[in-house]
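Single-structure report; data block below.
The values are calculated or read from the model by the stated rules, or taken from the named source; none is laboratory data. Bear in mind that the values here come from a model prediction, so they are computed numbers and not experimental data. So basically every Cβ, Gly included, is an ideal-geometry build from the backbone, and we count neighbours across all protein chains shown.
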């Protein structure tokens with residue numbers, strides 16, 4: 001279980017995350033939605049132990065990420081939104097390096113490296129420097145690195161960015177199987193169709209606060225949205241009415257006339 | 001469509017620079033600016049004073065004076081031109097082909113001439129500012145000694161400007177041609193090796209021909225030969241010679257407008273030719289620049305060698321060290337600097353060998369001991385400069401990958417440990433080489449050999465730790481070019497702290513060595529007294545504190561990093 005307790009993060013006077021509490025149950029695929037600048041990435045980076053919260057705490061299966069970081073991080077796989085990888089390592093070397101950070105090596109890891117690279121169709125690029133990889137290939141490599149040590153929890157920021165449709169589908173399948181075997185995924189995404197189709201529960205964040213939480217049906221009920229799609233719900237909750245004015249901004253006139 | 005003004009094309013650059021200054025100020029960075037200003041002024045003053053005395057001496061020499069002063073200026077400007085061409089070639093590669101703003105500029109309806117002029121200006125500024133600043137005290141000394149008056153100031157600027165433009169055009173054109181032949185990233189690798197190799201060779205040649213002998217005319221058959229050599233232009237077709245003539249004819253009261261006209265017309269012609277070349281070759285070069293560099297590498301070699309040697313380490317430490325070693329040797333811009341380092345060691349030892357200590361007659365024990373002792377300070381300074389280049393940026397270079405390191409269960413101590421030893425072990429080898437070989441060349445006694453070796457080891461451990469600690473205290477996560485990191489404010493503070501530590505260690509050690517020198521001088525047996533042991537202990541404590549404190553502070557700082 002991933003648990004956030006009264007999590008707050010200030011950058012100077014700016015409040016990026018404002019006293020949020022959340023519980024992601026074991027075996028769930030949890031969607032984390034919100035407009036740009038809502039505080040999603042900051043929250044995920046706090047969960048991954050990259051940022052320290054101003055207040056509150058994060059528990060991964062009972063281990064506090066900031067009080068007991070080694071134990072907590074051993075259970076975690078983090079996939080960031082920007083795929084910064086060491087350019088001068090090969091794909092296989094990068095995966096071996098990540099495994100070593102988790103204290104793992106040997107034949108089992110060699111097999112795992114080969115297996116993951118094959119699954120993500122990177123096997124033929126195994127011994128090439130990462131600097132020659134495309135954005136999507138780097139993203140696949142980072143996803144592989146998050147899986148190499150067989151984590152219990154995956155925290156992932158915008159996983160679909162840069163992936164081709166085949167890889168996106170593969171990732172969805174991997175996440176589904178992962179939660180099917182008892183793993184937990186907390187995923188931030190802007191692709192609402194993906195969230196609607198995949199996530200067991202969803203939290204919508206805005207201005208650093210969670211403004212809605214539950215299953216898609218829960219959200220519909222809570223906000224009397226009938227059978228509205230998640231996109232319509234999202235726009236309703238996050239003030240997306242401005243979208244209607246877009247046509248005017250783009251110079252196409254009023255779309256209703 | 002009317003084209004945007006040049007300042008508009010360059011707007012992101014100068015606005016970013018302004019914003020950085022504002023951010024620095026709001027962070028209370030006036031102290032930093034003040035410190036930078038003080039160090040800059042001190043450096044300028046030192047250069048000015050040195051040149052002032054040299055030129056005053058030249059001025060007192062009848063007939064030969066202006067010739068010597070002109071020759072000196074010619075040599076200085078010639079070396080400036082050589083440095084500028086090399087630096088422009090490398091800078092142009094980034095600004096014309098690899099910069100992040102190029103996609104935006106090239107896809108916008110901005111004409112080729114504006115892109116060329118904007119990028120040329122950027123290249124010129126980035127590669128020439130240091131040379132331009134260095135020229136200030138030099139030309140001021142000339143102006144003061146030869147009473148050039150206030151008008152000499154704008155005149156000097158007018159002379160220097162085209163001299164800076166020409167290497168920028170030549171450097172950019174060379175890069176343009178090279179990028180059309182090789183992919184840009186491959187060109188960068190080639191250029192790093194060629195440029196550093198050339199620079200190393202230049203230093204080696206300049207040192208081996210022993211230019212100090214030119215200062216003693218006794219070496220020439222007669223005075224006429226000497227004057228003839230001085231009158232011959234160093235290089236009649238080089239802008240440095242024109243600039244020298246422009247300055248010297250102005251200062252000696254025989255003003256000749258021809259050199260200045262030659263400088264400006266050539267600069268204008270070169271900019272035009274450069275623009276034409278840019279128009280013809282930029283598009284294909286830019287396309288080639290998008291190609292990747294080498295793809296396949298041999299990773300197994302490192303695993304079999306370094307990996308096997310480090311087998312005793314825990315897997316995380318071992319892989320971290322392996323990763324750092326691989327990254328260093330696969331990045332040509334990094335390892336190619338070892339060429340300069342090798343040249344530096346050779347020149348260093350050559351200088352020691354060339355010292356007029358061993359001329360047949362028995363050398364004073366005092367002088368040998370003194371040189372051997374002072375060599376510790378000099379070697380320490382050299383090691384500090386190398387640490388600034390290679391160890392200081394280590395933490396900054398991890399910045400973009402901190403997401404991985406911080407989200408993994410890697411203990412930051414492991415990270416710091418790996419960085420420390422990966423940097424310090426090679427530094428230690430170099431330190432032992434510099435001190436040991438120098439002491440052998442100086443034929444010092446065993447006591448000084450041991451003192452030298454032990455001291456340099458202690459100092460090296462501290463230098464490595466200081467570099468890493470200050471690198472963590474003043475990280476430059478946004479800088480992609482490792483070579484730029486040591487020239488930051490943090491790099492300056494590191495150098496100052498290291499020099500202070502070196503000074504303290506040398507002062508303390510001198511107290512012990514002085515006891516030894518006095519005993520030998522008075523013909524008494526050398527006894528390692530309690531006082532000597534006390535001084536050694538103080539030096540050891542200084543080195544230990546210089547090692548432990550920066551590492552501890554660096555670790556604390558790293559724990560607070562936010563990305």
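Data overview
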quantity: Selection status of residue B:295, within 11 Å of chain A (Cβ to nearest Cβ), modelled with pLDDT of 80 or more and farther than 30 Å from residue B:151 by Cβ; calculated: no
quantity: Lone qualifier among B:444, B:451 - being part of a loop (DSSP other than H, G, I, E, B) and farther than 16 Å from residue B:325 by Cα; calculated: B:444
quantity: Single residue of B:467, B:497, B:540, B:544 found to be at pLDDT 90 or above, surrounded by fewer than 22 Cβ atoms within 10 Å (Cβ to Cβ) and under 19 Å from the mean Cα position of the chain (by Cα); calculated: B:497
quantity: Condition met for residue B:78 (more than 25 Å from residue B:163 (Cβ to Cβ) and touching a residue at least 40 places away in the same chain (Cβ under 8 Å)); calculated: no
quantity: Residue ID - surrounded by the most Cβ atoms within 10 Å (Cβ to Cβ), chosen from residues in the stretch A:152-185 that are in contact with a helix residue (DSSP H, G or I) (Cβ under 8 Å, 6 or more places away or on another chain) and closer than 19 Å to residue A:45 by Cα; calculated: A:155
quantity: Conditions (1) in contact (Cβ under 8 Å) with a residue 60 or more places away in the chain; (2) surrounded by 17 or more Cβ atoms within 10 Å (Cβ to Cβ); (3) not assigned by TED's automatic domain parsing to the domain that holds residue B:277; number of the one not met by residue B:114; calculated: (3)
quantity: Qualifying residues in the stretch A:77-110 (those that are at the interface with chain B (Cβ under 7 Å from one of its Cβ atoms) and in contact (Cβ under 8 Å) with a residue 60 or more places away in the chain) - the one surrounded by the fewest Cβ atoms within 10 Å (Cβ to Cβ); calculated: A:80
quantity: Residue B:427 being at pLDDT below 85, closer than 25 Å to residue B:488 by Cβ and either in the same structural domain as residue B:479 (by TED's automatic domain parsing) or surrounded by fewer than 22 Cβ atoms within 10 Å (Cβ to Cβ) (or both); calculated: no
quantity: Flag for residue B:333 being within 14 Å of another protein chain (Cβ to nearest Cβ), modelled with pLDDT under 90 and either in a loop (DSSP other than H, G, I, E, B) or under 27 Å from residue B:488 (Cβ atoms) (or both); calculated: yes
quantity: Candidates A:68, A:36, filtered to the one that is more than 13 Å from every other protein chain (Cβ to nearest Cβ), on the phi < 0 side of the Ramachandran plot and surrounded by fewer than 23 Cβ atoms within 10 Å (Cβ to Cβ); calculated: A:36
quantity: Residue within the stretch B:397-405 that is surrounded by fewer than 18 Cβ atoms within 10 Å (Cβ to Cβ) and away from chain A (no Cβ under 14 Å) present; calculated: no
quantity: Scan of the stretch A:114-155 for residues that are closer than 12 Å to residue A:94 by Cβ, part of a loop (DSSP other than H, G, I, E, B) and more than 11 Å from chain B (Cβ to nearest Cβ), ordered by number; calculated: A:122
quantity: Candidates B:513, B:444, B:454, B:505, filtered to the one that is without any contact (Cβ under 8 Å) to a residue 24 or more places away in the chain and either away from chain A (no Cβ under 14 Å) or in contact with a strand residue (DSSP E or B) (Cβ under 6 Å, 6 or more places away or on another chain) (or both); calculated: B:454
quantity: Those residues of the stretch A:43-59 which are surrounded by fewer than 21 Cβ atoms within 10 Å (Cβ to Cβ) and without any contact (Cβ under 8 Å) to a residue 40 or more places away in the chain, in sequence order; calculated: A:52
quantity: Selection within the stretch A:67-90 - over 28 Å from residue A:190 (Cβ atoms) and touching a strand residue (DSSP E or B) at 6+ places or on another chain (Cβ under 8 Å); calculated: A:67, A:71, A:88, A:89, A:90
quantity: Test: residue B:397 is within 22 Å of the chain's Cα centre (by Cα), at pLDDT below 90 and on the phi < 0 side of the Ramachandran plot; calculated: yes
quantity: Selection from the stretch A:44-59 of residues that are within 11 Å of another protein chain (Cβ to nearest Cβ) and closer than 12 Å to residue A:2 by Cβ; calculated: A:44, A:46, A:47, A:48
quantity: Neighbours by Cβ (under 6 Å, 6+ apart or cross-chain): first from the stretch B:485-501, assigned to a helix (DSSP H, G or I); second surrounded by fewer than 19 Cβ atoms within 10 Å (Cβ to Cβ); calculated: B:485/B:479; B:489/B:32
quantity: Helices (runs of 4 or more DSSP H) contained in the stretch B:1-110 and holding at least 3 residues under 28 Å from residue B:140 (Cα atoms); calculated: B:30-60, B:64-92
